[in-house]
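The values are calculated or read from the model by the stated rules, or taken from the named source; none is laboratory data. This structure is a prediction, so every number in the text was calculated from the model and none was measured. Here the Cβ is made from the backbone with ideal geometry for all residues, glycine too, and neighbour counts use every protein chain on show. Accessible surface is based on the protein model in full, side chains and every heavy atom, while ligands, DNA and RNA are left aside. Shrake-Rupley method; radii C 1.70, N 1.55, O 1.52, S 1.80 Å.
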Amino acid sequence: MAIKDIVIDYKHRQAGHCESGATSNLFNFYGLDLSEPMAFGTGCGIYFSYLPFLKLMFAPMMSFRNFPNTVFHRSMKYLGVDATVIKKFNDKKESMDALDRNLEKGIPTGVQVGVFNLTFFPPEYRQHYNMHNMVIFGKEGNNYHVSDTVMEDPQILSYEDLARVRWAKGAFAPKGKMYWINNIPTEIDYRSAANQGMHKSVYEMIKVPFWLIGIKGMRVMARDIRKWPKKHGNEKASFYLGQILRMAEDFGTGGAGFRYIYGAFLKESGEKFNNDEMLKAADLMGKTANRWRDFTYIGARNCKNRAKPEEDYGMLGDMMMEIAEGEFKVFKMLDKITI
Amino acid sequence: MEENNNKVYKDERYGKYREMLYYYNEDGNFEKKVEFHGEPDRVILQQAWDFFNERKEEARQKVLSGKASPIAYHMEKDLLDPMNLGMAAGIKIWNVKRHLKPGPFKRLSEKTLQKYADAFNITIEELKKVE
């Protein structure tokens, strides 16, 4: 199916995190203001899980963010916006035709992709990671216009390449998932949306009755860090430590495993709804995030000199435990706040 | 664009893009800055690529000395493990593990070879040799 050339007037803004950036940009396209941290907070982006029995890129799997598409889905639900999410398609052709039809109607559409074959992506990040999000906002001939919030400028991607990344294989395969906003009501209750999103995050971080999710998972990981050099040897221990740091700092997190973005959300909503308790929580979150960055600096020294670790893993484990307690305090505080 | 003088990355193509990073400063404000990653972030990323390149080189030596089939090399080149390769090619994991040996690889049918070639996005001729 050939459609005529169309480019939607869509404003690309760079952001820290791919999905909340895409959500906030899509929302702003319809003329209302939603900053990236607000989208991240109302969509419960913050999360932690540690799954040592699963391996991602040859090291234990951990995640600092929620499952793909949670941010978009939840923030749209809590804000009361009419949005559509198509979870999967049967084949490539069908998914690309659906995208073309949307573009013809003038709707910028978000898609979930895998980054390994994404041609414009920075080559140092091209590993098997299937939870990346970007927005398609135009088509000219065989090429699509893409707004990827990791990059500074909008990019161009050919039909074949786009079909390939939308159907990347492996864990959390996107299967052509796409989402868009249908229409936005005139009055939006930001207060209740932020409240709902915040309390859902509190539940996920400290109340889930499973020992590998949320703060409990961070404590388990802190204990495991101490055991790694004895169990696996220095080489492997430093590679595993590197995995924590890579997931926290690189791969478009905005730094410190999204903790800065969440702190910015707490600060923004505290100012917006005049809540002093929330500003205090934001301050504590910012300080914990700074501790995360210290953890990276110290950990990276171990990774630089792999065979002979400069810092003791017991000390790093203690530091991780301290960070976990700091975050525990923040979420305990948030649990008592109603805005 | 700013000059990028940090020489942590060994590959020339790396470290050319600026990203948005957040900071929390002493006045209690969250700041956004668009800039290159600092040295610690580069060290950990380079560590991962060192590890992948080592594995790739090891697999290449094995293939050249006849201890493994070319699939083992292509698998390491694409940063896959047998499970993910099986998912990508639509072949059962125990069969993938068997095809990593040179003997069973020689007996593979055209159809199966095509499945692997599609998973790696190369032709069958390229699949049969290493670079």
Give, as residue ranges, the helices (runs of 4 or more DSSP H) completely inside the stretch B:38-106 that count at least 2 residues that are under 18 Å from the mean Cα position of the chain (by Cα).
-> B:39-64, B:70-77, B:82-89
Candidate set from the stretch A:257-298 (those that are facing chain B (nearest Cβ under 10 Å) and over 21 Å from residue A:328 (Cβ atoms)); member that is most open to solvent (accessible area, probe 1.4 Å) = A:297
What are the residues in the stretch A:118-159 that are crowded, with 20+ Cβ neighbours inside 10 Å, farther than 24 Å from residue A:73 by Cα, in contact with a strand residue (DSSP E or B) (Cβ under 7 Å, 6 or more places away or on another chain) and aromatic (Phe, Trp, Tyr), if any?
-> A:144
Condition met for residue A:233 (open to solvent by less than 10 Å² (accessible area, probe 1.4 Å), at pLDDT below 85 and not assigned by TED's automatic domain parsing to the domain that holds residue A:135) = no
Answer yes or no as to whether residue A:93 is open to solvent by 10 Å² or more (accessible area, probe 1.4 Å) and closer than 30 Å to residue A:195 by Cβ.
-> no
Where residue B:61 falls short, out of the listed (1) surrounded by fewer than 19 Cβ atoms within 10 Å (Cβ to Cβ); (2) of a type outside the set (D, E, K, R); (3) touching a residue at least 40 places away in the same chain (Cβ under 8 Å) = (3)
Considering only the stretch A:210-250, state which residues are more than 9 Å from every other protein chain (Cβ to nearest Cβ), outside any helix (DSSP H, G or I) and over 21 Å from residue A:321 (Cβ atoms).
-> A:233
Regarding residue A:87, is this residue exposed (fewer than 15 other Cβ atoms within 10 Å of the Cβ) and either modelled with pLDDT under 85 or more than 14 Å from every other protein chain (Cβ to nearest Cβ) (or both)?
-> yes
From A:51, A:56, which residue is within 14 Å of chain B (Cβ to nearest Cβ), open to solvent by 20 Å² or more (accessible area, probe 1.4 Å) and either modelled with pLDDT of 85 or more or in contact with a helix residue (DSSP H, G or I) (Cβ under 9 Å, 6 or more places away or on another chain) (or both)?
-> A:56
With respect to residue A:263, is the statement that it is in a helix (DSSP H, G or I) and at positive phi true?
-> no
Test for residue A:40: is it within 14 Å of chain B (Cβ to nearest Cβ), crowded, with 21+ Cβ neighbours inside 10 Å and modelled with pLDDT of 85 or more = yes
In the set A:206, A:213, the lone residue that is outside the structural domain of residue A:90 (by TED's automatic domain parsing), over 17 Å from residue A:296 (Cα atoms) and in contact with a strand residue (DSSP E or B) (Cβ under 9 Å, 6 or more places away or on another chain) is A:213
